[in-house]
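Asks: I have a structure here, written as structure tokens, and I will follow up with some questions on it.
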Amino acid sequence: QGQVVESGGGLVQPGASLRLSCAASGSIFRFYAVSWYRQAPGKQREVVATISIGDVTNYADAVKGRFTISRDNAKNTVYLQMNSLKPEDTAVYYCNTVVQNIPWGQGTQVTVSS
């Protein structure tokens, strides 16, 4: 079934950048599109960005032009480069396949605050 481990979060000021990593325990990412999700306090989990098997990417309107999703199949890892961070980007960030067939990881906290 595998597992994922998210990392790279932190406390940053508005306008800063972070790069999140999501490492899978096996090669499952090679067979599915993968998404980054986020959940802010009191809100539902939402999709932030998706990358297909063929590296076609899709973004939520709120992050378009600021976030970039990429994948390295050799490392079974998906990344999320986040630039020009805003306070409203504050959330716990998770990754999973688009069919969510991996147990959810712990996520990585991103806090954007001055």
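The values are calculated or read from the model by the stated rules, or taken from the named source; none is laboratory data. Computed from a predicted model, the values in this text were never measured in an experiment. We place every Cβ from the backbone using ideal geometry, glycine too, and count neighbours over all the protein chains shown. Only protein heavy atoms, including side chains, enter the accessible area calculation; ligands, DNA and RNA are left aside. Shrake-Rupley method; radii C 1.70, N 1.55, O 1.52, S 1.80 Å.
Asks: Carbon and sulfur: what percent of the chain's accessible surface (1.4 Å probe)?
Replies: Heavy-atom surface of the chain belonging to carbon and sulfur, 1.4 Å probe: 47 percent.
Asks: Tell me the net charge near CYS95. Cut-off is 11 Å between Cβ atoms, CYS95 excluded, with +1 for each Lys or Arg and -1 for each Asp or Glu.
Replies: +1
Asks: Under a Cβ-Cβ cut-off of 14 Å, what is the net charge of the residues other than SER7 that fall near it, where Lys and Arg count +1 and Asp and Glu count -1?
Replies: So the surrounding residues net to +1.
Asks: Choose one answer from VAL63, VAL99, VAL34: the residue with the largest mean-square fluctuation in a GNM of the chain with alpha-carbon springs under 10 Å.
Replies: Result for the chain, Cα springs under 10 Å: VAL99 fluctuates most.
Asks: Next question, about the same structure. As a test question: what accessible area, to the nearest 10 Å², does LYS86 have when a 1.4 Å probe is rolled over all protein chains in place?
Replies: 80
Asks: Let me ask something additional. What distance in nm separates the simple spin-label points at GLN81 and PHE31, each placed 7 Å from Cα in the Cβ direction?
Replies: Rounded to a tenth, the inter-label distance reads 3.0 nm.
Asks: Please give the per residue accessible area of the chain, computed with a probe of 1.4 Å over protein heavy atoms only, in Å².
Replies: Per-residue accessible area for the chain comes out at 52 Å².
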